[in-house]
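Visitor: The structure under discussion is supplied below as structure tokens; questions concerning it will follow.
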Amino acid sequence: MTDEITQRPAELQRELPQDEQQTEQQAVETQAQQMQANMARGMACPHCGTINEPDAKYCASCGALLQMDNCPNCGSEIDPEADFCEVCHHYIRPNVCSFCGAAFNENDPYCPECGSPRGGIVCPTCHTLNDFAFCKQCGQPLTDEARQVLEELRQIPDYQELVQLSREYNELQMQLPYSTDEEFRQYETSQKLRERVLKLLAQDMGEENPEVPKPKETRKTKSELDDDKQKVVEQLTRILERMAIPQQPSPAKVRNYAMAQKPVGVKLAWMCNYKHALHSSPCGCAKPQMGGKWVILGHNSNQEIKDDK
């Protein structure tokens, strides 16, 4: 009897791990059944696992996209809030004016708010057909609202400085540096000769101590020219950072304001907050309402522009 009593605890100890395994297996099966039941009732977020309503498009917990729509023009998957397909490059919202963002009937040929035609506007400067208020090719404002936005921007100090620096950068881009040291020495010799001739002519005209004006453009070495360009680029970058556009409800408003910002003479790309992709302009972004900014590209940049493929 004593031997049986002393042996039972050992037997129970051997059986206990097996019972734990069965309990664990049952728990796993119960959890799987619960997950299946949850999936039947709603949609699990692929990012955080939260169960959402069956028809939810965004996760209620982390905001991740749960369902995609399809482009009515090419059938590609698109974000439900997109108004432009980045695959076929078509505007896809027939009930929203692409020029001002106003709602209108799908059968209306003109927007009741801004009067823009549904089929687009041909730029009078470069003859490009456009779906938006600024020409995607040359930047010309095409609507009254676009011209008004541009006029308002011209009163802002940051924009005025942006235009001035863009001109300086464009002038630097047009300059040719000295290719050799010998060329530089020849230039210095010619400038000294120029100064001497002008002084002699002025003295012949009766001036005792004539001052010779310096030439408006002075050629520089490649390193000097590159340094000057870099300084202007840094200044431009700081201004473009300050002028970055935050998230807004209307895609049309963001496109109009961003296109009005774009300076001439600098190679730029629009970096959107939607995918952090580079576009030739916000006109090629599916969700410009998320905001973005202009960034400067190098002279021989090979950075990929998404809508230039």
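The values are calculated or read from the model by the stated rules, or taken from the named source; none is laboratory data. Just so it is clear, the structure is predicted and the values come from calculations on it, not from any experiment. Counting neighbours? That spans all protein chains shown, and the Cβs are built from the backbone with ideal geometry, glycine included. Only protein heavy atoms, including side chains, enter the accessible area calculation; ligands, DNA and RNA are left aside. Shrake-Rupley method; radii C 1.70, N 1.55, O 1.52, S 1.80 Å.
Visitor: Express in nm, to one decimal, how much length is gained between Asp226 and Glu195 on full extension, taking 0.36 nm for each residue of separation and deducting their alpha carbon distance.
Guide: That works out to 8.4 nm of additional length.
Visitor: Not counting ligands, DNA or RNA, and with a 1.4 Å probe, what is Thr50's accessible surface area in Å² rounded to the nearest 10?
Guide: The value for Thr50 is about 40 Å².
Visitor: Sticking with this one: So what does Phe99 come to for accessible area, using a 1.4 Å probe and Å² rounded to 10?
Guide: 10 Å²
Visitor: Quote the accessible area belonging to Arg238 in square angstrom, nearest 10, computed with a 1.4 Å probe and with ligands, DNA and RNA left uncounted.
Guide: 130 Å²
Visitor: Could you rank Ser76, Ser116, Ser190 by how accessible they are, 1.4 Å probe, largest area first?
Guide: Putting Ser76, Ser116, Ser190 in descending order of accessible area: Ser190, Ser76, Ser116.
Visitor: Which residues' amide hydrogens lie under 5 Å from the amide hydrogen of Gly292, considering only partners 5 or more residues apart or on another chain, with H built in the peptide plane?
Guide: Ile245, Asn273
Visitor: Give me the percent of accessible area attributable to carbon and sulfur for the stretch 125-277, probe 1.4 angstrom.
Guide: About 50 percent, which is the carbon plus sulfur part of the accessible surface.
Visitor: Could you tell me the extents of the stretch 120-237's C-alpha atoms along the three principal axes, largest first, rounded to whole Å?
Guide: Principal extents (largest minus smallest coordinate, Cα): 65, 37, 29 Å.
Visitor: Okay, moving on. Please compute the net charge surrounding Pro251, taking Lys and Arg as +1 and Asp and Glu as -1 over other residues with Cβ under 11 Å from its Cβ.
Guide: Surrounding charge for Pro251 is +2.
Visitor: Can you list the HN-Hα couplings for the stretch 278-292, worked out from phi with the Karplus curve (6.51, -1.76, 1.60; θ = phi - 60°), rounded to whole Hz and with x for Gly and Pro?
Guide: Per residue, the Karplus-derived 3J(HN,Hα) values read 9, 10, 5, 6, x, 5, x, 9, 6, 9, x, 4, 7, x, x Hz.
Visitor: On to the next question. Sorting Glu171, Glu182 by accessible area (1.4 Å probe), largest first, what list results?
Guide: So, going from the largest accessible area down, we get Glu171, Glu182.
Visitor: Further, regarding this structure: Can you compute the charge dipole magnitude of the stretch 64-122 about its Cα centre, using +1 on each Lys and Arg Cβ and -1 on each Asp and Glu Cβ, nothing else charged? Give it in debye, rounded to the nearest 20.
Guide: Dipole size: approximately 200 debye.
Visitor: If amide H atoms are built 1.01 Å from N in the plane of the peptide, which residues on other chains or at least 5 residues away come under 5 Å of the amide H of Tyr58?
Guide: Leu66
Visitor: Go through the stretch 74-89 residue by residue and turn each phi into a ³J(HN,Hα) via Karplus (6.51, -1.76, 1.60, θ = phi - 60°); whole Hz please, and just put x for glycine and proline.
Guide: Those phi angles translate into 10, x, 5, 5, 9, 5, x, 9, 6, 10, 9, 8, 7, 8, 9, 6 Hz.
Visitor: Next question, about the same structure. Can you give me the long-range amide H partners of Ala44? Hydrogens built in the peptide plane at 1.01 Å from N, cutoff under 5 Å, separation of 5 or more residues or another chain.
Guide: Here Asn52 satisfy the definition.
Visitor: Related question: Let a ≥ b ≥ c be the square roots of the eigenvalues of the Cα gyration tensor of the stretch 138-182; is it rounded (a/c under 1.5), or, if not, prolate (a/b larger than b/c) or oblate?
Guide: Oblate shape, in that a/c is at least 1.5 and b/c is the bigger or equal ratio.
Visitor: Here's another thing I want to ask about it. Would you mind working out the magnitude of the charge dipole of the stretch 222-292 relative to its Cα centre, with +1 at each Lys and Arg C-beta and -1 at each Asp and Glu C-beta, to the nearest 20 Debye?
Guide: 380 debye
Visitor: For Glu188 and Gln155, compute 0.36 nm times the residue count separating them, minus their Cα-Cα distance, and round to one decimal in nm.
Guide: Answer, rounded to one decimal: 7.6 nm.
Visitor: How much FRET efficiency would the formula 1/(1 + (r/R0)^6) give for Cys88 and Glu168, where r is the Cβ-Cβ distance and R0 is 41 Å, rounded to 0.05?
Guide: Numbers: r = 39 Å, r/R0 = 0.96.
Using R0 = 41 Å, I get an efficiency of 0.55.
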